[in-house]
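**Q** Would you mind keeping the following structure in view while I ask a few things?
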Amino acid sequence: MASTSSFKVWCLVSCVLLLATACHGLQVGYYRKTCPKAEALVRAAVKKAVHANPGIGAGLVRMLFHDCFVEGCDASVLLDSTQANPQPEKLGIPNNPSLRGFEVIDAAKSAVEKACPGTVSCADIVAFAGRDASYFLSHSKISFHMPAGRLDGRKSLASETLQFLPGPTSNLSTLVSMFGDKGLNVEDVVVLSGAHSIGRSHCSSFMPDRLNSPSDISQSLANFLRRRCPANAGGANDPTVAQDVVTPHALDNQYYKNVLARRVLFTSDAALLSAPETSRMVRANAKYAGSWEKKFAKAMVKMAAIGTKTGSDGEIRRSCRLVN
Ligand code: HEM
Ligand SMILES: *[C@@H]1O[C@H](CO)[C@@H](O)[C@H](O)[C@H]1NC(C)=O
């Protein structure tokens, strides 16, 4: 009798535990049964876009970061302006007009909806797309499983973007504390900043901050940027420059070599050398090719788990741009 009841308790406890993981944990191969082609369809859409324009791949890597830091990884960054919500995240300063890749998410979603309607969340598509863009831009050196099972959120506010996304003039303590608020640590700051080895920046993101006030930026890079950027960059007069002039389309550890050579665009990049702990990490990532790629993969999975919605707080959107 006693053993029967303890068995019952054991059953109850393990069922609750199982349920808890099923409800809160993301899983690798989440769509294996419900939509086996989901990940391949997203990858095909990303591949096509990255081959046409590698910059869009950079946009997709950045999109995951911008989605996850604001309201969690819930595709809140994808929602368009509506009468009910005229100022969604998309229109926030960090996203507008610089964030790109939305059309790739639309293409992936429509392919996935055709194969299995109402099954795959936009939040998971953003996470798969960020993973796949990393894969293609690293020439398959960054290759990893992305757990899934996120739901899409219904809340998206432009006012939350500046609150949660660090700006390019951030110092190291601001970066560490803003990443810390999202459950990421100082190594994640250093490792994920390596994404600035691809893509572009508008002049207004580093002008005048890095060129007027005293900064450690390399003189040759500063001269190049002065030629490319108007002093009052912004609005319609805001050219772009490559983040990594050495290997602009390759997601690799060149970023850390650029940091050491003072050839980076933002105060937030240069700030990685402002403490011994992060300087050590920068030097290690610059030196050991291959090890940063593995750390980046792990950090992307960690970032892609921030504040995920798996209960009544979410839904699977029919259109990634609109709540159901
Ligand atoms: C550490 C704090 C960070 C700051 C302050 C920061 C800031 C910025 C800024 C200002 C731009 C240029 C936007 C423009 O003017 O067009 C940019 C671009 C970019 N960021 Fe970050 N970022 C940070 C972290 C990250 C992370 C964690 C990722 C992804 C893992 C990321 C990926 C990218 C990519 C790929 C681009 C190029 C986007 C494109 O070409 O469309 N950044 N970032
Ligand atoms: C970093 O920046 C924040 C916000 O601008 C400021 O309050 C803080 O004093 C700065 N910290 C350091 C160490 O410079």
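**Q** Just the residues that are within 16 Å of ligand 1 (Cβ to nearest atom) and charged (D, E, K, R), please, taken from the stretch 285-324.
**A** The answer is E293, K294, K295, K298, K302.
**Q** On to the next question. For the stretch 39-70, what are the residues that are farther than 15 Å from C320 by Cβ and among the acidic types (D, E)?
**A** E39
**Q** Right, next: Here is a check on your reading of the model: is R200 under 30 Å from K294 (Cα atoms), of a type in the set (K, R) and either away from ligand 1 (no atom under 11 Å from the Cβ) or under 27 Å from the mean Cα position of the chain (by Cα) (or both)?
**A** Considered against the rule, which asks whether it is under 30 Å from K294 (Cα atoms), of a type in the set (K, R) and either away from ligand 1 (no atom under 11 Å from the Cβ) or under 27 Å from the mean Cα position of the chain (by Cα) (or both), R200 comes out as yes.
**Q** Additional query: From V104, V126, grab the single residue that is more than 22 Å from K302 (Cα to Cα) and assigned to a helix (DSSP H, G or I).
**A** Details: V126 fails: more than 22 Å from K302 (Cα to Cα).
Testing whether each residue is more than 22 Å from K302 (Cα to Cα) and assigned to a helix (DSSP H, G or I) leaves just V104.
**Q** A further question follows. Which one is farthest from ligand 2 (Cβ to nearest atom) among residues in the stretch 293-324 that are modelled with pLDDT under 95 and of a type in the set (S, T, N, Q)?
**A** S312
**Q** Any residue in the stretch 216-233 that is hydrophobic (A, V, I, L, M, F, W, C), at pLDDT 95 or above and within 16 Å of ligand 2 (Cβ to nearest atom)?
**A** Scanning the stretch 216-233 turns up no residue that is hydrophobic (A, V, I, L, M, F, W, C), at pLDDT 95 or above and within 16 Å of ligand 2 (Cβ to nearest atom).
**Q** Would you please list the contacts, defined by Cβ atoms under 6 Å and residues six or more apart or on different chains, that run from a residue in the stretch 75-101 that is closer than 22 Å to R150 by Cα and in contact (Cβ under 8 Å) with a residue 60 or more places away in the chain to a residue that is surrounded by 19 or more Cβ atoms within 10 Å (Cβ to Cβ) and of a type in the set (D, E)?
**A** Cβ pairs passing all conditions: A75/D152; S76/E89; V77/D67; V77/E89.
**Q** Here's something else I'd like to know. Quick test for you: out of A236, A222, A231, A250, pick the one residue that is in contact with a helix residue (DSSP H, G or I) (Cβ under 9 Å, 6 or more places away or on another chain) and either more than 15 Å from S98 (Cα to Cα) or more than 9 Å from ligand 1 (Cβ to nearest atom) (or both).
**A** Numbers: A236 fails: in contact with a helix residue (DSSP H, G or I) (Cβ under 9 Å, 6 or more places away or on another chain); A222 fails: in contact with a helix residue (DSSP H, G or I) (Cβ under 9 Å, 6 or more places away or on another chain); A231 fails: in contact with a helix residue (DSSP H, G or I) (Cβ under 9 Å, 6 or more places away or on another chain).
Sole residue among the options that is in contact with a helix residue (DSSP H, G or I) (Cβ under 9 Å, 6 or more places away or on another chain) and either more than 15 Å from S98 (Cα to Cα) or more than 9 Å from ligand 1 (Cβ to nearest atom) (or both): A250.
**Q** I'd like the residue in the stretch 165-204 that is small (G, A, S) and touching a helix residue (DSSP H, G or I) at 6+ places or on another chain (Cβ under 7 Å) and, out of all such residues, is surrounded by the fewest Cβ atoms within 10 Å (Cβ to Cβ).
**A** Per the stated criteria, the residue is S170.
**Q** Mind counting the residues in the stretch 97-120 that are within 16 Å of ligand 1 (Cβ to nearest atom) and touching a strand residue (DSSP E or B) at 6+ places or on another chain (Cβ under 9 Å)?
**A** 2
**Q** Next question, about the same structure. Quick test of your reading of the structure: D80 fulfils all but one of (1) away from ligand 1 (no atom under 16 Å from the Cβ); (2) surrounded by 14 or more Cβ atoms within 10 Å (Cβ to Cβ); (3) part of a helix (DSSP H, G or I). Name the failing condition by number.
**A** Result: D80 fails condition (3) only.
**Q** What residue, among those in the stretch 148-195 that are in a loop (DSSP other than H, G, I, E, B), among the small types (G, A, S) and within 13 Å of ligand 2 (Cβ to nearest atom), is farthest from T267 (Cα to Cα)?
**A** G167
**Q** Do you know which residues across the stretch 105-148 are farther than 20 Å from A195 by Cβ and surrounded by fewer than 21 Cβ atoms within 10 Å (Cβ to Cβ)?
**A** Scanning the stretch 105-148 gives D106, A107, S110, A111, E113, K114, A115, C116, P117, G118, T119.
**Q** Filter the stretch 129-147 for residues that are part of a helix (DSSP H, G or I) and in contact with a helix residue (DSSP H, G or I) (Cβ under 7 Å, 6 or more places away or on another chain) and give the result.
**A** Of everything in the stretch 129-147, those that are part of a helix (DSSP H, G or I) and in contact with a helix residue (DSSP H, G or I) (Cβ under 7 Å, 6 or more places away or on another chain) turn out to be A129, G130, R131, D132, A133, S134, F136, L137.
The values are calculated or read from the model by the stated rules, or taken from the named source; none is laboratory data. Everything numeric in this text was worked out from a predicted model, so none of it was measured. Here the Cβ is made from the backbone with ideal geometry for all residues, glycine too, and neighbour counts use every protein chain on show.
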